[in-house]
1. Divide by every residue of the chain the summed helix terms, -39500 (n - 2.57) for each DSSP H run of at least 4, and state the resulting mean residue ellipticity at 222 nm, rounded to the nearest 500 deg cm²/dmol.
2. Given springs between every Cα pair under 10 Å in a Gaussian network model of the chain, which of Val119, Val61, Val35 has the largest fluctuation?
3. Scale the Cα Rg of the chain by the rule-of-thumb value 2.2 N^0.38 Å and send over the ratio, two decimals.
4. Dipole of region 5-170, Cα-centred, from +1 at each Lys and Arg C-beta and -1 at each Asp and Glu C-beta, to the nearest 20 debye?
Amino acid sequence: MKKLLPVLMPVLLAACASEAGSKFADNPEQYGLYVAATNIYMDTPIAVKNADTGAVLALNVRHLGGDTGYVVESLPPGRYVFLSYTPDATTSVPLTTPNGYFDVQANCFNYGGQYDFGVDANGAPTYTDTVTLKDIERLPHSIRDYARDRDICSAGMGAPNERLAAADVKGQLDL
């Protein structure tokens, strides 16, 4: 069993990513798929709040066999504000900055980019986000398959959500 666990773990985690995207796949007119990569090294949640409804949700960070964590969540459209994250599965670290939000559009693969979390010289939490369309090609297949034949929305932190039609993306990305 111990020899089989390293082989099965990426498969099981890919299944979790698929489950998180099922609402989007089944009902894209009511959900957008939010996807981001992160340097959080544990499978822990990032808490966000829907700015319109006030609902607090957990974006679950999952690892698919490496140091990079991935967030794959079906979310109703709207603006989401970062509240906190848990880097060690016990400590809740608040995330508050003027640009600490992202937008989600329905029927769209909302790509949030690469989030890097850390602390500054004074011990205060920091986080940055880099969004590059071509980075979608480096996502695991179980995640980027959701982008195939879909509109792609830039869901970067602190920036307006921009939508690219699936027809326009088709020649630019190798999915």
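1. -4500 deg cm²/dmol
2. Looking only at Val119, Val61, Val35, the biggest GNM fluctuation is shown by Val119.
3. Ratio of Rg to 2.2 N^0.38 Å for the chain: 1.01.
4. Values: 11 positive and 19 negative charges, 24 e Å.
The calculation lands at about 120 debye.
We did not get these values from a lab; they are worked out from the coordinates using the rules stated. Computed from a predicted model, the values in this text were never measured in an experiment. In this analysis, Cβ positions are derived from the backbone assuming ideal geometry, glycine residues included, and neighbour counts consider all displayed protein chains.
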